[in-house]
Amino acid sequence: MYNKLTIWIRRNYDFSLREANGVIILIFLLLLFLALPFLLLTFYPDKTENTAKDKIKLDSLVAILKQNEIESKKEYENKYKEKYKNYSDSKEEKVIKFFNFNPNLIDKKAFITLGIKPYIADRIIKFRTKFKPFKIKTDLKKIYGFDTILFEKLHPYIDLPEKVESNFKTSTKTTEKEFSKPILVDINLADSAQFEKIYGIGAKLASRILKFRNKLGGFISLNQLKEIYGLDSSVISEICKKMILDKSFIVRKLNINTSTIDDLKSHPYIGYKFAKVIVAYSNAHSGIKNKEDLKNIKILEETDIEKMLPYIEF
């Protein structure tokens, strides 16, 4: 058959034998490509069916996952609502009411009804129990964290006098004052226990004050307490009432020409940046002799130098 086809092509189209063979091969390839889809369906008859089945399984799995997610979300919401039901109810029911009260007599619940936060109420009760009862209205403002705006609203309702009235004679008052006058402690000599006796200072704050004082070399002013992180102005005020600063106290000084970078950087008013430059300048200029030499160090401001001077020597 192949030979007959070759002869027919050569006779009708005047092709050589090689050309006729090429045409036959080309025709065979064309027929093969045309038949290829049908051949593939013959060898892989279930391909479409399997894909459809997989798609059905996948859709079913997605539906199950979504259902589980919805159920989990509902379960979480129900638990959340149940957990915070009482809390939300108490929030809604909480109503601030003003009434006449004596801060030495009422309990925590009454303080909260007046709009005072629970932890502030605890402080008030602790203060009046541990230290002394409130004598005048403004004593309530001494409580650390007490809202001053709220105090103004409560002021007319506080059953305490505006100021202490005394019927004692001057001599008697003076004698009592002398006997009740507290012994003031030098802030540069006080230990942790003495700091903790001051209202508003716990072990952590006391430790922080001592650490700052040791690094500093001693306080030269009570205003330096403002530089200690965590000390509120009301706490500082309490410290100033119960402690003194003995002017005869000699602070520890650092020799700026013999101290190393490590020695200087630990001081709160110097630090690593200044220590490095100061030591470099001292080495390059055969020492720093006075304040004027410090002014030649460009990165040192006048305020920086003034803070350092009480704690350095040349």
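None of the figures in this text is laboratory data; all of them are computed from the coordinates on show. Computed from a predicted model, the values in this text were never measured in an experiment. Counting neighbours? That spans all protein chains shown, and the Cβs are built from the backbone with ideal geometry, glycine included.
Treat every Asp and Glu Cβ in the chain as -1 and every Lys and Arg Cβ as +1, leave all other atoms uncharged, and give the resulting dipole magnitude about the Cα centre to the nearest 20 debye.
For this selection, approximately 560 debye.
Rounded to the nearest 10 degrees, the angle from helix 17-43 to the longest Cα principal axis of the chain is 50 degrees.
Once the Cα atoms are used to define both axes, helix 2-13 deviates from the longest principal axis of the chain by about 80 degrees. Over the chain, dividing the summed -39,500 (n - 2.57) contributions of all DSSP H runs of at least 4 residues by the number of residues returns a 222 nm mean residue ellipticity of -18000 deg cm²/dmol. Seen against the Cα atoms of the chain and their longest principal axis, helix 203-216 is set at about 80 degrees.
Candidates PHE131, ILE9, LEU26 compared by Cα position along the dipole of the chain: farthest toward the positive end lies PHE131, with charges placed on Cβ. With the convex hull constructed from alpha-carbon coordinates only, segment 91-163 shows a mean projected area of 4.7 nm² over all directions.
Since only ASN104, ILE201, ILE220 are under comparison, the one whose Cα sits farthest along the positive direction of the charge dipole of the chain, derived from C-beta charges on Lys, Arg, Asp and Glu, is ASN104. Among PHE212, PHE28, PHE274, PHE314, the order by Cβ neighbours within 10 angstrom, fewest to most, reads PHE28, PHE314, PHE212, PHE274. Residue-normalised convex hull volume from the C-alpha trace of the chain: 422 Å³ per residue. Stokes-Einstein diffusion of segment 254-313 at 10 °C, 1.306 mPa s viscosity, Kirkwood radius from Cα pairs, rounded to a whole number: 142 µm²/s.
Residue pairs exceeding 18 angstrom between C-alpha atoms, taken from LYS215/LYS253; LYS226/LYS273; LYS142/LYS163; LYS204/LYS226; LYS211/LYS242: LYS226/LYS273; LYS211/LYS242. Of the residues PHE101, PHE219, PHE33, the one with the fewest other Cβ atoms within 10 Å heads the list, and the complete ranking is PHE33, PHE101, PHE219.
What is the distance in Å between the Cα centres of segment 57-73 and segment 132-159? If we compute the Cα centre of each part, the gap is 60 Å.
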